[in-house]
1. Taking a ≥ b ≥ c as the square roots of the Cα gyration tensor eigenvalues, with a/c under 1.5 meaning rounded and otherwise prolate when a/b beats b/c, else oblate, which class fits the stretch 68-135?
2. Rounded to whole Hz and in sequence order, give me ³J(HN,Hα) for the stretch 97-105 from the Karplus expression 6.51 cos²θ - 1.76 cosθ + 1.60, θ = phi - 60°, writing x for Gly and Pro.
3. Once you keep just the Cα pairs under 8 angstrom separated by 6 or more residues, what percentage relative contact order results for the chain?
4. What does the C-alpha gyration tensor say about the overall shape of the chain? Classify as rounded when a/c is under 1.5, otherwise prolate if a/b is larger than b/c, or oblate.
5. Give the distance, in whole Å, between the Cα centre of the stretch 157-210 and the Cα centre of the stretch 55-93.
6. Cα axis of helix 151-160 to longest principal axis of the chain: angle in degrees, 0 to 90, nearest 10?
7. Just to be sure I understand: if I project the alpha-carbon convex hull of the stretch 139-222 onto a plane and average over all orientations, what area do I get in nm²?
8. Quick one: Karplus J couplings for the stretch 138-149, per residue in order, coefficients 6.51, -1.76, 1.60, θ = phi - 60°, nearest Hz, x for Gly and Pro?
Amino acid sequence: MERTRRSLLAGAASVGVVGAAGCLGGGGGGSGGNTIDPGEYDCDLSEPSDPDLEFRPVIGDPESDVVVQSFVDFTCGHCATYELEHFPAIREEYVAPGEVRYEHWDFPIPVNEAWAVPVASAARGVGARQGPEAFFEFASTAFESQGSYSGEAIGAAADAAGADPCAAIADAQFAAYEEASMSDRSEGESMGVQGTPTIFVNGEPTDDYRAETVAAAIESAL
């Protein structure tokens, strides 16, 4: 682990800022109102009756003094890059050993109005029912389908997380967690978030979303 950590910090020192802006926008979010075809899952979709709007996806040590907050739009290409190429290193080096508390926050810009809140809703529903690890598993699989989101893609991501695909598709169809996502967005705006992904370490934004940069901020906070 130390070798990987040293390489992360060396990268932070030697490489210029890349992709700091991420996805920019000032839209009001919203569910888009699209009808989602469950495809091969052949679900009889009904509106979720009692979504847990208080659920917060958190992994790592919940009592850690170092808190990392990631503000993400599921339809932002930069967010997919962060989640699939940079976050895994942060998870291995700092989250898995319990050195930080890592929190996911929604920030639907939205880049794609039809899918930003629905996919976020599906992810939150999976997490609320199956736990935070399932949320992050769903999120990772979903980001791999970015650009071709569909009911089947949401169902497949739920399957990968060991969750009920029909429940996830229903959460997406009815944007069951839209209130929670928009509350996250409002909190992000109050913290100065203007684009995604934006990463905070103990309330201070990192210069960009590269693993090297986030690791350096975490090291400074430890």
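1. oblate
2. Running phi through 6.51 cos²θ - 1.76 cosθ + 1.60 with θ = phi - 60° gives x, x, 7, 9, 9, 10, 10, 8, 10 Hz.
3. Taking the mean separation of contacting Cα pairs over the length of the chain, I get 34 percent.
4. Note, shape of the chain comes out prolate.
5. One Cα centre to the other: 10 Å.
6. Long axis of 151-160 versus the principal axis of the chain: about 60 degrees.
7. Directional mean of the projected Cα hull area for the stretch 139-222 stands at 7.0 nm².
8. 4, 4, 4, 5, 4, 4, 5, 9, 4, x, 9, 4
We did not get these values from a lab; they are worked out from the coordinates using the rules stated. Please read all numbers here as calculations on a predicted model, not as lab measurements. Neighbour counts run over all protein chains shown; Cβ positions are idealised from the backbone, glycine included.
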